[in-house]
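The values are calculated or read from the model by the stated rules, or taken from the named source; none is laboratory data. All figures in this text were calculated on a predicted structure; none of them were measured in a lab. FYI the Cβ positions are ideal-geometry reconstructions off the backbone, even for glycines, and counts take in every protein chain you see. Side chains are part of the model used for accessible areas, which takes the heavy atoms of the whole protein and leaves out ligands, DNA and RNA. Shrake-Rupley method; radii C 1.70, N 1.55, O 1.52, S 1.80 Å.
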Amino acid sequence: GSQLLFLDGDCIPHPKWVSDHLQAAKSDPEAVWCGRRFRLGPEISEKITPQDIQTGQLDSAFSSFLRAPENHRWGNALRFPSWFARAINRKSKGLMGCNFSLPRTTFESVNGYEEDWPGMSQLLEDWDLEVRLRKDGKELRPIINSAVVYHLYHHERERSEEVLRLREERKKADIRAKVGLNQYTP
């Protein structure tokens, strides 16, 4: 397709997630649309079942799953009509690999993710893609409170000195990934 949507395997999209991203893309077809995630706590992540998801237990702001004390940033779980969400969220908070979309041509212009970089193992691939997209002059726009995703709990890695060094190194890198989409096309 002409619009690529990215979601992590440990995320549950709201039933309107795809349509929210596509509607945003219609309003500004050149933008990179950056959503957030609503982190579910460890107890909720263990309790939730496929049937809970199918019956829409996560889709209401009043859901006991979402209002559990272990969950943080409850506001990220609220879904508003796209026009309203865009009106109240003017500034992008950056790209999160678990919830973003962009035109295929934009992804191709930076050669996709940099697959031959030590930062990939440090979970910095999304940050790297954001840096290269910004260097290429692409606009990152927020799609917060519209394209909602629920993120299952897992431990986060600590940010080390190595991570800081890798980030500084990548700020100087080329816009295009050296080993990215090019390795899959003739």
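Determine, for each peptide in 128-137, 21-30, 142-151, the mean count of other beta carbons within 10 angstrom over its residues, then list the peptides with the highest first.
The most tightly packed comes first, giving 142-151, 128-137, 21-30.
Return the distance in nm (one decimal) between the two label points of a simple spin-label model at I175 and D8, each offset 7 Å from Cα along Cα→Cβ.
The modelled label-to-label distance comes out at 2.9 nm.
Please state the shape class of region 82-186: rounded when a/c is under 1.5, otherwise prolate if a/b exceeds b/c and oblate if not, all from the C-alpha gyration tensor. All intermediate terms of the calculation are to be shown ahead of the outcome.
Working: a/c = 1.79, a/b = 1.26, b/c = 1.42.
Verdict is oblate for region 82-186.
Give the relative contact order (percent, whole number) for the chain; include only Cα pairs under 8 Å separated by 6+ residues.
38 percent.
Under a crude label model (7 Å from the Cα following the beta-carbon direction), how far is L78 from E139 in nanometres?
Result: 2.6 nm between the two label points.
Would you mind pulling out the separation of the Cα centroids of region 122-141 and region 1-64, in Å?
A separation of 21 Å, based on Cα centres.
Pairs on different chains or at least eight residues apart, Cα atoms closer than 21 Å: how many lysine pairs in the chain fit?
15
Leaving out ligands and nucleic acids, note down the accessible area per residue over the chain with a 1.4 angstrom probe, in whole Å².
Per-residue value: 57 Å².
Counting only helical runs of four or more DSSP H residues, what would the 222 nm mean residue ellipticity of the chain come to if each run contributes -39,500 (n - 2.57) and the total is spread over all its residues?
Value at 222 nm, helices only: -8500 deg cm²/dmol.
About its Cα centre, what dipole magnitude does the chain give when the only charges are +1 on Lys and Arg Cβ and -1 on Asp and Glu Cβ, stated in debye to the nearest 20? Could you put the intermediate results ahead of the total?
Values: 28 positive and 27 negative charges, 165 e Å.
Computed charge dipole of the chain: roughly 800 debye.
Which order, highest average first, do 95-102, 111-118 follow once you tally other Cβ atoms within 10 Å for each residue and take the mean per peptide? Mind showing how you got there, number by number?
Working: 95-102: 22.4, 111-118: 17.1.
The densest-packed peptide leads the list: 95-102, 111-118.
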